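Here's the structure, in structure tokens; my notes come after.
The values are calculated or read from the model by the stated rules, or taken from the named source; none is laboratory data. Since the model is a prediction, treat every value here as computed from it, not as a measurement. Methodologically, a virtual Cβ is constructed for each residue, glycine included, from the backbone with ideal geometry; neighbour enumeration extends over all protein chains shown. We work out accessible area using only protein heavy atoms, side chains counted, and drop any ligands, DNA or RNA first. Shrake-Rupley method; radii C 1.70, N 1.55, O 1.52, S 1.80 Å.
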Amino acid sequence: MSFVQATEAPDRRTAEIKLHDPAAAFAGMAKAGTIAAACLDMLVAETRENVTTQRLDDLARQFVFDHGALPACVFYRGYRHTICTSTNHVVCHGIPAERVLKDGDILNIDVTVIVDGWHGDTSRMYAIGNVARKAERLMDVTYEAMMRGIAAIKPGATLGDLGHAIQSYAEAERCSVVREFCGHGLGRVFHDAPNILHYGRPGTLDELRPGMMFTVEPMLNLGAPGVKILSDGWTAVTKDKSLSAQYEHSVGVTEDGVQIFTKSPAGLDQPHAKKS
Ligand code: MF3
Ligand code: CO
Ligand code: CO
């Protein structure tokens with residue numbers, strides 16, 4: 001794949017990987033990422049038994065508007081909500097609804113905001129009440145898998161190195177990596193090149209360069225990796241009904257490593273581990 005200076009590329013998905021000026025773009029991405037992360041912080045106290053996922057969506061939308069941001073998912077390919085709420089065997093793209101959360105549920109909330117044209121895209125896992133030990137372990141492993149993927153990011157490393165770091169750890173922990181969904185380039189465009197695979201072989205695929213911006217968002221299952229999409233056209237579930245978890249950060253490649261744009265201002269990067 002080839003690279004292009006972002007300032008010379010159109011503001012839409014293209015085949016080329018956009019390289020951004022860290023001085024200009026990274027500040028905008030950090031601002032957008034921080035508002036997205038603060039939205040997920042706000043939801044920590046709201047993710048309780050008997051709360052509907054629609055209520056969480058209402059709170060998120062209000063938070064986003066109150067912070068001078070726009071919800072990127074509203075009207076995105078016909079989607080109508082600010083967040084995706086994916087419980088238990090839902091892998092991703094769960095649609096907020098009037099169904100209430102129950103004791104023992106595990107929940108992923110994924111939010112994407114736009115601030116000054118820049119996108120901040122992040123998701124975390126939340127535990128409702130007391131969750132089973134195996135569910136807790138899946139969430140721990142998923143967070144660690146994402147962080148190992150991010151730790152592999154530096155100029156000269158490859159996207160295959162990133163995918164391998166995630167896959168090798170996840171499978172050693174007896175979890176499987178979903179193949180049908182991947183991370184993506186991010187900036188003024190929501191889903192841009194390149195695809196960020198959460199599996200792979202060391203040394204393969206594109207080399208990372210300073211100025212690249214993308215998401216790392218592995219989905220891990222306790223059972224088999226296969227997924228199917230429900231008839232609503234969005235909700236992805238595990239074929240074998242096994243539990244699934246996901247974490248997501250937006251990042252940029254720096255001269256000597258990586259910058260995470262979506263770190264929690266409140267230190268709640270792993271809400272699943274804090275709730276009782
Ligand atoms: N935030 C998701 C991602 O990580 C995309 C959700 S698209 C939606 O890329 F339309 F379902 F919201
Ligand atoms: Co997301
Ligand atoms: Co994303």
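With the biggest extent put first, the Cα atoms of the stretch 21-260 measure 48, 42, 30 Å across the principal axes. For S264, the amide hydrogen comes within under 5 Å of the amide hydrogens of D269, counting only partners 5 or more places away or on other chains and with H modelled in the peptide plane. Computed about the Cα centre, the dipole magnitude for the stretch 139-214 is approximately 160 debye when only Lys and Arg (+1) and Asp and Glu (-1) carry charge, each at its Cβ. Nonpolar atom fraction for the stretch 58-117, defined as the carbon and sulfur part of the 1.4 Å probe accessible area, stands at 54 percent.
Solvent-accessible surface of the stretch 54-167, averaged per residue with a 1.4 angstrom probe and all protein chains in place: 37 square angstrom. Cβ-Cβ distance of K228 and R13, R₀ of 25 Å, FRET efficiency by 1/(1 + (r/R0)^6): the value works out to about 0.45.
Could you pull out the pairs from K102/K241; K134/K228; K134/K274 whose alpha carbons sit more than 20 Å apart here? Over 20 Å Cα-Cα: K134/K228. Placing unit charges on each Cβ (+1 for Lys and Arg, -1 for Asp and Glu) gives the stretch 21-260 a dipole about its Cα centre, and among A127, I196, L186 the Cα reaching farthest toward its positive end belongs to A127. Between E180 and A23, residue separation times 0.36 nm minus the direct Cα-Cα distance comes to 53.1 nm. Kindly state, to the nearest 0.05, the FRET efficiency for E171 paired with A132, given R0 = 30 Å and r defined as their beta-carbon distance. With R0 = 30 Å, the Cβ-Cβ based efficiency is 0.90.
Ligands, DNA and RNA left out, the 1.4 Å accessible surface of the stretch 120-276 is 49% carbon and sulfur atoms. Enumerate the residues in the stretch 5-46 having an amide nitrogen under 13 Å from the point lying 7 Å beyond the Cα of E255 toward its Cβ. Output list for this probe position: 22-23. Per-residue Karplus couplings for the stretch 125-135, computed as 6.51 cos²θ - 1.76 cosθ + 1.60 with θ equal to phi - 60°, are listed in order as 9, 10, 9, 9, x, 9, 9, 4, 4, 5, 5 Hz, Gly and Pro entered as x. Rolling a 1.4 Å probe across the protein heavy atoms gives the stretch 204-248 an accessible surface of 37 Å² per residue.
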